[in-house]
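Note sheet for the following structure.
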Amino acid sequence: AALKGRLRSQVSAALKEGRITPTELCQRCLALIKSTKFLNAYITVAEETALKQAEESEQRYKRGQPLGILDGIPIAVKDNFNTAGIETTCASNMLKGYISPYNATVVQKLLDQGAVLLGKTNLDEFAMGSGSTDGIFGPVRNPWSYSKQYKEKSVPKSHSEDEESNWVITGGSSGGSAAAVSSFTCFAALGSDTGGSTRNPAAHCGVVGLKPTYGLISRHGLIPLVNSMDVPGILTRCVDDAAVLLGSLAGHDPKDSTTIQDDFKPFELPNLTDFSKLSIGIPKEYHAPGLSSEILALWSKAADLFKNAGAKVVEVSLPHTRYSIVCYHVLCTAEVASNMARFDGLEYGHRSDKKESTESMYAATRREGFNDVVRGRILSGNYFLLKQNYAKYFVKAQKVRRLIANDFVKVFRSGVDILLTPTTLSDAAPYTEFIQEDNRTRSAQDDILTQAANMAGLPAINVPTALSERGLPVGLQFIGRSFQEKQLLTVAKWFEKQVQFPMIQLEEVKRHDNGVFQHQKSASFS
Amino acid sequence: MAARGCGGVWRRARQCGVGGPGSGPGPSPRGQRAVACNARGGAVPAGKSGLAPWIPVVGLEVHAQISSNSKLFSGSRVQFAAPPNSLVSFFDASLPGTLPVLNRRCVEAAVMTGLALNCSINKKSLFDRKHYFYADLPAGYQITQQRVPIAVNGSLSYSFCIDNKMSQMVTKTVRIKQIQLEQDSGKSLHDDTRSQTLVDLNRAGVGLMEVVMEPDMCCGEEAAAAVRELQLILQTLGSSQAVMAEGQLRVDANVSVHHPGEPYGVRTEVKNINSIRFLAKAVDYEIQRQIEELENGGTILNETRAFDSKLGCTVPMRDKEGKQDYRFMPEPNLPPLILYDTKSLPANMNHQQVINIDWIHERLPDLPSVKREKLVEQYGILPEHSFTLLNEDGLAEFFESVVKQTQMKAKKVIGWIVNDLLSYLKQHSLTVKESPVSSFLLADLLNLLEKKEISSTAAKQVFAELWKGEGKTPLEIVKEQKLELLQDQKELEQICQAVIDGQENE
């Protein structure tokens, strides 16, 4: 079906051949967004502008002058990217109702290539979290909670109330984007990835989640969490689509001084055939406490796949990775404290009614505008940056970060091309279970396998691999060398083909949406 | 090191010895000035310390606004007195998601200034965030260079005359600790009646060079002379317009006093100084105040004080925030600033992307000190006159132009420039460019004088006529007013004879 197809080979071709129009495609996505509203994946749906963009795209196709593969393709964007004219909230009271006057560079690039922006997706407030449960618009529900696969395998509950409480989280913080892609409401979505925020929900929602090399994609317009680690993330249904998106987004941006100077040459992924020169590293430290036995088994099965194909598979060591979480905690909170200082209620965003003095207005604004998680991080970050603490915490954390990054350099220098690791410790937790722990504990646990790549700025990708015993997606992560996305994606693509991850069967959606899915099916083609 | 380059010792605040190597002769009552500007009157009670001398120590932090078309990290225009908030980019207003992009021109201006102040230029410098909450600081932090600034370890030589006597010039040197690039803040306007604060962000993000001078000065006069020289250098380089009245040059003075052989005293920081004249006054007042405070058994607080130009004194500034911890951290959105010299310049580098220190060095204009030397050498004028020529914008050029157009010796021309032209300009508060007497007209006049066609008294009369700016040439004025010197001997004899005859007839 075009709606579930691959961008380059299927959807784009269908659009070109006129088998479906951009407007039809957009309308179907909008309808599906409505029927999956209970997932809470979107904060804002930009129906009107999306249809207008689709109409413009349609004109281009009619003239035979589409702008490229992305022309007419419905996409969604995490709500921490600025979008001109469409609310950008960061799922925070601080920015509720905030309409940015400009587009983030990545958003602009997508629009310039004809993509249709459906809306803005849900997240943890200011992307601080690993569940997509801590935003002011409520938690995102994992579409797999409503899949036939999960229903069949999870312990059957007799009462509908229990069913209601049985839904699992998407992971985060880009959970809205992952859920949007996973539930077919869009073809691709932008997330952001600071400690795993794209790969983690991708793993839980059974989609591809790419965190590119730091500096490859512009951060201009991405509301920062940790500037030195943030990268725009790409969520798609397959590795090929991720390569398409990467090609349309990567390259120098004069508005972001940390982007590479050179232009980026988009690539199509070849089929991997020669394994004789491929060396896959298995970092032993990723066999972390709490790693579920089924993921461990999957991981070693994946290693065997490569071995059997003829690749060299070696165990490697990244000894400093275990300090990654505590190190991240210091660096992240310090930058958060700094980045959040601008939200004082003066120029934009929420402003408290308290007016006794400028200071009391600041204090009330920030108390009312930020949730406990954000305020907690600001507090600890400011503590680490105090003159008497700076050397003890911040400088030390920077040094540890260097050690963590150097571990990777050494491993890659030893001849390893790609590292293979799990993305998460286990499959997605039910919401009721997840919220038993606080955000900080959760983030620390959930980022453990993804975060080191951010510390080192390396490209990493989650590839959906299999369903767990409970019928939920499980993914594995590939980490590549800096700016070697092509190699990374080529290997990921081969792996993706081997594992044949099953497509989600959204039973529940069918029930919820009064047959939109049925309509889809009848209108689809292959 | 105690007040290097400054031999000044104040005895009971009354006298300031000038001594020290290379300075003028013997002690002189320079401290009188400080006493004179003491708002509480001149009487200094005999303190417990009796006659123990005081050594004042003065260091300066100078903020010079960089003369550039656009701001340090954004494309907004830089313009003085534009309508409020008309020069504000998304970045300047700190809209979420915006990032700084370093302005090449600002870096070049800082490199030029660093080279002119004999600094070593750091080939790698870093940017930091300095945090504090203030209404005119939209991001909640200022981007500055706290750890590794762009230029360090320089020096500035400056001269001034003792007792206002042009003949007693003293030259001193102050060490430059560093020059750092940083963002200017916006402006807050407090409307107390309506109890509101209005914020203008036009200035927010304009590039500043903070020039930090070591505490090598010992009185207001030295501080003033150092800043004046810095101002001239900046204006010569074009790196800053450095007009204090427009806030392009802002000076904070750190002042302390101590006894010889003892460690430096507690220092105060004096802000709100908006002219060079007030700088001298503020520093001298503060020295005097501290000495009196200490001699009366009091203590000096490490505080920020503001200079009140109307009262001529410094007053404590209300510091609502108390002690600030600026929580410095590296600016993560700007890579290290890398500069090259010809040796280190990578071969295949795009010239638009690199700054070559040597290239800038080779193109530095003549600095004021060199210009003065050249003037003295070329025209044989007195060193102090070279200072006067450079102190007025365009005066040296005016002088040189006159010299070129007249047969009169430069040594004589300078008298007309510094005595006549300058005093007329001062009297009428005009700049050199606004002078109604052009260099051409003055040269014309001096030629008449040089050819002895008029007397020097008559020349002054003609000059006064020329000043009216009625478009007459000196020769026309001379003819009109019959001011010619008589060259014809016969005619002269006849006049003399007539006078004698007249006498005899009586």
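The values are calculated or read from the model by the stated rules, or taken from the named source; none is laboratory data. Keep in mind the model is a prediction, meaning the values are calculated, not measured. Every residue, glycine among them, receives a Cβ derived from its backbone with ideal geometry; neighbour counts consider all protein chains shown.
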Review point. Has region B:50-61 got any residue that is assigned to a loop (DSSP other than H, G, I, E, B), modelled with pLDDT of 95 or more and closer than 30 Å to B:P138 by Cα?
Key: no
Review point. Just checking, how many residues over region A:336-359 are free of Cβ contacts under 8 Å to residues at least 60 places away in the same chain, more than 7 Å from chain B (Cβ to nearest Cβ) and in a helix (DSSP H, G or I)?
Key: 2
Study note, to complete from the structure: The condition of being more than 14 Å from chain B (Cβ to nearest Cβ) and surrounded by 14 or more Cβ atoms within 10 Å (Cβ to Cβ) holds, among A:A297, A:A303, only for A:A303
Practice item. Only one of these is more than 27 Å from the chain's Cα centre (by Cα), outside any loop (DSSP other than H, G, I, E, B) and not assigned by the TED database to the domain that holds B:S159: B:Q407, B:Q352, B:Q378. Name it. Key: B:Q352
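Condition check: at pLDDT below 95 and either over 30 Å from A:E507 (Cβ atoms) or surrounded by fewer than 22 Cβ atoms within 10 Å (Cβ to Cβ) (or both). Does A:D193 satisfy that?
Values: at pLDDT below 95: no; either over 30 Å from A:E507 (Cβ atoms) or surrounded by fewer than 22 Cβ atoms within 10 Å (Cβ to Cβ) (or both): yes.
No: the conditions fail for A:D193.
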Practice item. Assess whether A:A460 counts as being free of Cβ contacts under 8 Å to residues at least 60 places away in the same chain and crowded, with 21+ Cβ neighbours inside 10 Å. Key: no
Point to revise | Some residue of region B:124-142 being among the aliphatic types (A, V, I, L, M), more than 10 Å from chain A (Cβ to nearest Cβ) and surrounded by fewer than 20 Cβ atoms within 10 Å (Cβ to Cβ) | key: yes
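How many residues does region B:468-483 hold that are within 44 Å of the chain's Cα centre (by Cα) and surrounded by 11 or more Cβ atoms within 10 Å (Cβ to Cβ)?
11
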Check your understanding: How many residues does region A:259-286 contain that are within 19 Å of A:L210 (Cα to Cα) and within 14 Å of another protein chain (Cβ to nearest Cβ)?
Key -> 2
Check your understanding: Which of the following residues is farther than 29 Å from B:F90 by Cα, part of a strand (DSSP E or B) and modelled with pLDDT of 95 or more: B:E182, B:E214?
Key -> B:E214
Practice item. Give the residue that is farthest from the chain's Cα centre (by Cα), with candidates limited to residues of region A:104-146 that are part of a helix (DSSP H, G or I), within 14 Å of another protein chain (Cβ to nearest Cβ) and surrounded by 24 or more Cβ atoms within 10 Å (Cβ to Cβ). Key: A:T105
Study note, to complete from the structure: Filtering region B:332-388 down to residues that are among the aliphatic types (A, V, I, L, M), free of Cβ contacts under 8 Å to residues at least 24 places away in the same chain and closer than 28 Å to B:C106 by Cα yields B:L345, B:A347, B:M349, B:V354, B:V370
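Residues are listed down the side, and each one gets a yes or a no for (1) farther than 29 Å from A:V244 by Cα; (2) small (G, A, S):
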position	(1), (2)
A:S279	no, yes
A:E285	yes, no
A:A297	yes, yes
A:A302	no, yes
A:L305	no, no
A:T321	yes, no
Practice item. Considering (1) under 26 Å from A:I136 (Cα atoms); (2) within 10 Å of the chain's Cα centre (by Cα), say which one A:V208 fails and leave the rest. Key: (1)
Review point. In region B:90-132, which residues are part of a loop (DSSP other than H, G, I, E, B) and touching a Gly at 6+ places or on another chain (Cβ under 6 Å)?
Key: B:D92, B:G97, B:L117, B:N118, B:C119
Practice item. Looking only at region A:64-86, decide whether some residue is within 14 Å of chain B (Cβ to nearest Cβ), modelled with pLDDT of 95 or more, crowded, with 18+ Cβ neighbours inside 10 Å and in contact with an Asp or Glu (Cβ under 9 Å, 6 or more places away or on another chain). Key: yes
Review point. Any idea how many residues of region B:463-506 are on the phi < 0 side of the Ramachandran plot and in contact (Cβ under 8 Å) with a residue 24 or more places away in the chain?
Key: 12
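Is it the case that some residue within region A:411-418 is under 20 Å from the mean Cα position of the chain (by Cα) and crowded, with 20+ Cβ neighbours inside 10 Å?
No, every residue in region A:411-418 fails to be under 20 Å from the mean Cα position of the chain (by Cα) and crowded, with 20+ Cβ neighbours inside 10 Å.
Do you know which residues across region B:331-357 are exposed (fewer than 11 other Cβ atoms within 10 Å of the Cβ) and either in contact with a strand residue (DSSP E or B) (Cβ under 7 Å, 6 or more places away or on another chain) or within 14 Å of chain A (Cβ to nearest Cβ) (or both)?
Once the filter is applied, which keeps residues that are exposed (fewer than 11 other Cβ atoms within 10 Å of the Cβ) and either in contact with a strand residue (DSSP E or B) (Cβ under 7 Å, 6 or more places away or on another chain) or within 14 Å of chain A (Cβ to nearest Cβ) (or both), region B:331-357 yields B:P346, B:N348, B:N350, B:H351, B:Q352, B:Q353.
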Point to revise | Residues that are part of a loop (DSSP other than H, G, I, E, B), of a type outside the set (S, T, N, Q) and within 17 Å of the chain's Cα centre (by Cα), drawn from region A:41-94 | key: A:A41, A:D79, A:C90, A:A91
Check your understanding: Is there any pair with a first residue in region A:92-103 that is within 9 Å of chain B (Cβ to nearest Cβ) and a second that is among the β-branched types (V, I, T) and in a loop (DSSP other than H, G, I, E, B) whose Cβ atoms are under 9 Å apart and which are 6 or more apart or on different chains, and what are they?
Key -> A:L95/A:T88; A:L95/A:T89; A:L95/A:I223; A:Y98/A:T88; A:Y98/A:T89; A:S100/A:T88; A:Y102/B:T98
Revision key, fill the gap. Across region B:49-95, the tally of residues that are in contact with a Leu (Cβ under 7 Å, 6 or more places away or on another chain) and without any contact (Cβ under 8 Å) to a residue 60 or more places away in the chain stands at 1
Study note, to complete from the structure: Checked region B:70-102 for anything within 14 Å of another protein chain (Cβ to nearest Cβ), charged (D, E, K, R) and surrounded by fewer than 17 Cβ atoms within 10 Å (Cβ to Cβ); matches are none
Point to revise | Among (1) under 23 Å from B:V170 (Cβ atoms); (2) in contact with a strand residue (DSSP E or B) (Cβ under 8 Å, 6 or more places away or on another chain), the one test that B:D200 misses | key: (1)
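Listed here are the residues, each with its yes/no results for (1) touching an Asp or Glu at 6+ places or on another chain (Cβ under 6 Å); (2) more than 14 Å from chain B (Cβ to nearest Cβ).
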| position | (1), (2) |
| --- | --- |
| A:P201 | no, yes |
| A:H204 | no, yes |
| A:V208 | no, yes |
| A:V231 | yes, no |
| A:D256 | no, no |
**Study point:** Close pairs (7 angstrom Cβ cut-off, 6 or more residues apart or separate chains): within 20 Å of A:D427 (Cα to Cα) in region A:269-292, of a type in the set (S, T, Y) anywhere
**Key:** A:E285/A:S317; A:E285/A:T321; A:Y286/A:T421; A:S292/A:S426
Point to revise | Residue count for region B:103-123, restricted to those that are crowded, with 18+ Cβ neighbours inside 10 Å and either within 9 Å of chain A (Cβ to nearest Cβ) or in contact with a strand residue (DSSP E or B) (Cβ under 9 Å, 6 or more places away or on another chain) (or both) | key: 14
Exercise for review: Could you check region B:251-330 for strands (runs of 3 or more DSSP E) lying wholly inside it with 3 or more residues that are surrounded by fewer than 20 Cβ atoms within 10 Å (Cβ to Cβ) and either small (G, A, S) or more than 14 Å from chain A (Cβ to nearest Cβ) (or both)?
Suggested key: B:268-273, B:304-308
